[in-house]
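Enquirer: Before we start, here is the structure in question, set down as structure tokens.
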Amino acid sequence: MAWHSLDGALNFREVGGLPTSDGRRIRHGRLFRSDTLQFLTEDSVRRLTTDLGVATVVDLRLPYEVEVEGRGPLAEVPHRYHHLPFLVRGSEQQGTATPRFTNDDDVIVQHYLGYLASSPDAVAGVVATLAEPGALPAVVHCAAGKDRTGVAVAMVLTAVGVPADVIAAEYAAGAERMADVFAQLRRMESYGERLDAMPAEARITEATTMARFLAAVEREYGGVHRFLGDQGVDDATVEQLREQLTEPAG
């Protein structure tokens with residue numbers, strides 16, 4: 001994992017160097033994750049597409065968010081753009097992208113499982129999209145780079161063999177940036193003051209949350225590979241992603 005200074009993005013980092021259970025590792029410079037990219041400066045767009053060589057952007061935001069917030073100057077630069085919205089509870093409401101949370105136990109894990117239940121094609125589509133020839137390097141993003149992006153990256157990393165505890169640690173790496181991220185969300189039209197109604201646990205990023213989510217996917221879906229297979233992502237596609245995203249360690 002490595003942070004990159006990208007003016008206009010508060011939670012942009014590389015997902016690289018992580019070990020897999022079969023002795024490989026995630027290649028550096030192939031997969032990035034971020035909060036919204038709408039505020040990138042023109043210089044940052046150049047760095048993203050030229051210096052880092054990002055060829056694909058996977059946007060997990062709601063259609064409402066994309067319409068209201070836009071994509072910023074990145075939209076003017078040629079690249080592959082895939083809009084794969086992860087629907088959230090409350091996304092049927094007009095005029096807000098702020099999710100509604102239930103009173104269930106382990107509310108954040110239940111919220112994350114809601115992505116798989118409401119948007120299975122989009123969740124599996126992230127893996128299928130990144131497996132396409134020439135798709136990498138790629139950046140996956142939502143608004144905060146925490147929840148939808150966290151789940152998407154976790155599904156990708158699990159698919160190619162990264163252990164759950166390593167994925168959980170990677171998920172938690174952005175914890176210290178959440179205050180700034182939520183302050184920015186509060187200034188955005190699609191979120192605003194409605195964020196104040198969110199539970200306190202929705203504002204933090206802890207490794208144990210991701211660990212519990214992955215355990216719940218195993219329990220409720222038979223694991224990430226079974227979930228992907230049920231959505232039509234076959235073993236050949238996963239193996240193609242593994243070859244493109246990983247390399248022998250050392």
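Enquirer: In deg cm²/dmol and to the nearest 500, what is the mean residue ellipticity at 222 nm of the chain if only DSSP H runs of at least 4 residues count, each as -39500 (n - 2.57), divided by the residue total?
Expert: -11500 deg cm²/dmol
Enquirer: Per residue, how much accessible surface does the chain expose to a 1.4 Å probe? Answer in Å², no decimals.
Expert: For the chain, the per-residue accessible area is 41 Å².
Enquirer: Further question on the same structure: With θ taken as phi - 60° and the coefficients 6.51, -1.76 and 1.60, list the Karplus ³J(HN,Hα) couplings across the range 193-203 in order, rounded to whole Hz; mark glycine and proline as x.
Expert: Whole-Hz 3J(HN,Hα) from phi for the range 193-203: 5, 5, 4, 5, 7, 6, x, 4, 5, 6, 9.
Enquirer: Taking +1 at the Cβ of each Lys and Arg and -1 at the Cβ of each Asp and Glu, which of Val224, Phe86, Leu52 sits farthest along the dipole of the chain towards its positive end, judged by Cα position relative to the Cα centre?
Expert: Leu52
Enquirer: Hey, how many Å between the Cα centroid of the range 155-180 and the Cα centroid of the range 227-249?
Expert: A separation of 18 Å, based on Cα centres.
Enquirer: Out of all DSSP beta bridges with both ends in the chain, state the antiparallel percent to the nearest 5.
Expert: Close to 40 percent.
Enquirer: Viscosity 0.890 mPa s, temperature 25 °C: what is the translational diffusion coefficient of the chain from Stokes-Einstein with a Kirkwood Rh over Cα pairs, rounded to a whole number of µm²/s?
Expert: Roughly 136 µm²/s, to the nearest whole number.
Enquirer: Right, here's the next one. Pop out the ³J(HN,Hα) list for the range 155-160 in order, Karplus 6.51 cos²θ - 1.76 cosθ + 1.60 with θ = phi - 60°, rounded to Hz; leave Gly and Pro as x.
Expert: Listing the rounded values in order: 5, 5, 5, 5, 4, 9 Hz.
Enquirer: Taking R0 as 22 Å, what's the FRET efficiency between Arg242 and Asp165 from their Cβ-Cβ distance, rounded to 0.05?
Expert: So the FRET efficiency works out to roughly 0.70.
Enquirer: Output the relative contact order of the range 157-250, whole-number percent, from Cα pairs under 8 angstrom with separation of 6+ residues.
Expert: 37 percent.
Enquirer: Then there's this: Quick check for me: using +1 on Lys/Arg Cβ and -1 on Asp/Glu Cβ, what's the dipole size of the range 53-92 about its Cα centre, in debye to the nearest 20?
Expert: Approximately 160 debye in magnitude.
Enquirer: Then there's this: Please give the peptides 156-166, 204-214, 21-31 ranked by average Cβ packing (other Cβ atoms within 10 Å per residue), highest first, as a rough proxy for protection.
Expert: Output ranking for 156-166, 204-214, 21-31: 156-166, 204-214, 21-31.
Enquirer: Here is a follow-up. Taking the Cα centre of the range 134-250 as origin, work out the dipole magnitude from +1 charges on Lys and Arg Cβ and -1 charges on Asp and Glu Cβ, in debye rounded to 20.
Expert: Computed about the Cα centre, the dipole is about 340 debye.
Enquirer: Could you give me the ³J(HN,Hα) list for the range 43-54, computed from phi with Karplus coefficients 6.51, -1.76, 1.60 and θ = phi - 60°, whole Hz, x at Gly and Pro?
Expert: Per-residue couplings from phi come out as 5, 5, 4, 4, 4, 5, 8, 9, 5, 8, x, 4 Hz.
Enquirer: Accessible area of the chain with a 1.4 Å probe: how many percent of it is carbon plus sulfur?
Expert: That fraction is 48 percent.
Enquirer: Would you work out the charge dipole size for the chain about its Cα centre, treating the Cβ of every Lys and Arg as +1 and the Cβ of every Asp and Glu as -1, and quote it to the nearest 20 debye?
Expert: 260 debye
Enquirer: Any idea how far apart Val107 and Asp7 come out in nm if each label point goes 7 Å out from Cα toward Cβ?
Expert: Rounded to a tenth, the inter-label distance reads 3.9 nm.
Enquirer: GluC sites (Glu not before Pro) within the range 137-200: which are DSSP loop residues with at most 16 other Cβ atoms inside 10 Å?
Expert: Taking the range 137-200 and a limit of 16 other Cβ atoms within 10 Å, the loop GluC sites (Glu not before Pro) found are Glu189.
Enquirer: Something else now. First measure r as the distance between the Cβ atoms of Asp180 and Glu132, then evaluate 1/(1 + (r/R0)^6) with R0 = 30 Å and state the FRET efficiency to the nearest 0.05.
Expert: Once the sixth-power term is evaluated, E becomes 0.35.
Enquirer: A further question follows. Once amide H atoms are placed 1.01 Å from N in the peptide plane, what residues at a sequence separation of 5 or more from Phe32, or on another chain, have their amide H within under 5 Å of its amide H?
Expert: When sequence neighbours closer than 5 places are left aside, the close amide H contacts are Val15, Ala138, Val139, Val140.
The values are calculated or read from the model by the stated rules, or taken from the named source; none is laboratory data. In this text, all values refer to a predicted model and were calculated from it rather than measured experimentally. Cβ: placed from backbone, ideal geometry, glycine included. Neighbour counts: every protein chain shown. Quick note on the areas: whole protein, heavy atoms, side chains included, nothing else; ligands and nucleic acids left out. Shrake-Rupley method; radii C 1.70, N 1.55, O 1.52, S 1.80 Å.
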